[in-house]
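Below is one structure, written out as structure tokens; the observations come after it.
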Amino acid sequence: MDAPKLIIQKLDIPQDRRLIAISDIHGELDLFKSLLEKVSFCDDDILVILGDFYLKGSQPEPCFHYVMELAKRPNVHVLRGNCDWGRADFYTDEMWDWVCGLPIIIESDDFIFVHAGLENKPLDQQDVIKCLTTPNFMGSYDGEPFEKWVIVGHWPTVNYRNIFPCYNILFNDCMRIIDIDGGAGVKKEGQLNALIIKNGDFECVSVDAFPVMVMEREQTAHGDVLTITWNDRFVDILEEREEFTKVCHLESGYILEVPTEEIWQDEEGRNCVCNKATDFYLPVKAGEEVSVIATYSNKIFARKDGLAGWVNL
């Protein structure tokens, strides 16, 4: 399949209007609607969707139709992502033409929006494939800091965090890069994030689909702490048990227990784990609410304010 054309859209964003940026919805339509409701999205706002809105997730086809219909509004602007590159089975010619016409980059006076990343060169010289697929943008970019804030998705923010597993929006002030991908539809523990900008101020809002539990007792944060991310997911199995397996993280030599169900083998037969792969125990107070991601015999894996970890029952 041929690479998409480099389409750059110029966008006027008045300082006093709310700009709402959301990325990587990945077919989670109910979550997307919940987030729009939570931020009170209205016609006075400008909404930018940074691609990957349909593939994966629980409702890919309805989500595509919803975003396509939403994009008819003059205050809604949609970028193309890598998962929107290929033609899905349910596409009509009209749908495909719409996808092919989506911009790769949106630029305003203060911001640049692109799905995955940019190179250190003028916008009209960017490689489209790299705009759509650059992994680990914050970790791999070696150019000068950007003059404008570059807002991206594609790479879940938790992949950058190998101490505490956090899915919140990540700001890199030195490079002027903001990653807003909360892992919805891709990570089992993912959330959907919205970045709200008005008069130069940033606000971060998120939603997830997990049930809520009220904590009965306090727990302080503890653990040594290591979080295994997608970047360094390889482990040796030391002791396999039904619920939890002791592993050695190959990159660091660190030993920890991970849910047995989360271990898999890649095409080369290497043992991998990156979901719930942490020994971090979440700080909670009695009466606080947490999102319960998974329940085990004596503890839960939960999230509070974007930060995930274990809570003893």
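Readers should treat all values here as calculations from the given coordinates under stated rules, not as data from a laboratory. Remember, it's a predicted structure, so these values are computed and weren't measured experimentally. Heads up, the Cβs are rebuilt from the backbone with ideal geometry, glycines too, and the neighbour counts pull from every protein chain shown.
See the values below:
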read-out: Estimated translational D of the range 12-61 in µm²/s (Stokes, Kirkwood radius over Cα pairs; 10 °C; 1.306 mPa s); value: 136 µm²/s
read-out: Cα centre as origin, Lys/Arg/Asp/Glu Cβ charges: the range 8-207 dipole, Debye; value: 360 debye
read-out: Alpha-carbon Rg with Dmax, taken over the range 212-312, Å; value: 14.1, 46
read-out: In the range 167-220, trypsin sites (Lys or Arg not before Pro) in a DSSP loop with at most 15 other beta-carbon atoms within 10 Å; value: Lys188, Arg217
read-out: Fraction of antiparallel bridges per DSSP, the chain only, in percent to nearest 5; value: 70 percent
read-out: Contour excess over end-to-end distance, with Cα ends at Glu61 and Met95 and 0.36 nm allotted per residue; value: 11.1 nm
read-out: Per-residue HN-Hα couplings for the range 305-313 [Karplus 6.51, -1.76, 1.60; θ = phi - 60°; Hz; x = Gly/Pro]; value: 6, x, 9, 10, x, 8, 10, 6, 8
read-out: Residues Val158, Val247 arranged by fewest to most Cβ contacts within 10 Å; value: Val247, Val158
read-out: Inter-site label distance for Asp224 and Leu250 at 7 Å from Cα along Cβ, in nm; value: 1.9 nm
read-out: Charge dipole (the chain, unit charges on Cβ, about Cα centre) - positive-most of Ile20, Gly51, Ser40; value: Ser40
read-out: Magnitude of the charge dipole, the range 212-312, Cβ model with Lys/Arg +1 and Asp/Glu -1, debye to 20; value: 380 debye
read-out: Inter-label distance for Glu203 and Lys188, nm, one decimal - labels placed 7 Å from Cα along Cα-to-Cβ; value: 3.5 nm
read-out: Ratio of the Cα radius of gyration of the range 1-85 to 2.2 N^0.38 Å, where N counts its residues; value: 1.11
read-out: Under the Karplus curve 6.51 cos²θ - 1.76 cosθ + 1.60, θ = phi - 60°, whole-Hz ³J(HN,Hα) for the range 193-203, x wherever Gly or Pro sits; value: 9, 10, 9, 10, 10, 8, 6, x, 9, 10, 9
read-out: Loop-resident sites, the range 28-130, for chymotrypsin sites (Phe, Trp or Tyr not before Pro), counting at most 11 other Cβ within 10 Å (DSSP); value: Phe90
read-out: Full-stretch length increase - Ile237, Lys299 - with 0.36 nm per residue and alpha-carbon distance subtracted; value: 20.1 nm
read-out: Loop sites in the range 127-232: GluC sites (Glu not before Pro), DSSP, at most 11 other Cβ within 10 Å; value: Glu147, Glu216, Glu218
read-out: Whole-Hz couplings from phi, Karplus 6.51/-1.76/1.60, listed for the range 160-170; x for Gly and Pro; value: 8, 10, 9, 10, 9, x, 10, 10, 6, 4, 10
read-out: Options Val214, Leu256, Ala302, ranked by Cα towards positive dipole end of the range 212-312, top entry (Cβ charges); value: Val214
read-out: Amide H contacts of Thr227 (H built 1.01 Å from N, under 5 Å, at least 5 apart or other chain); value: Ile163
read-out: Cα gyration tensor category, rounded, prolate or oblate, for the range 72-126 with a/c compared to 1.5; value: oblate
read-out: Share of alpha-carbon pairs per 10 Å distance bin for the range 8-207, given as whole %; value: 9, 40, 39, 12, 0
read-out: Lys/Arg +1, Asp/Glu -1 at C-beta; the chain dipole; positive extreme among Gly200, Leu6, Gly117; value: Gly200
read-out: Extension reserve of the Glu147-Cys42 stretch, reckoned as 0.36 nm per residue once the Cα distance is removed; value: 34.8 nm
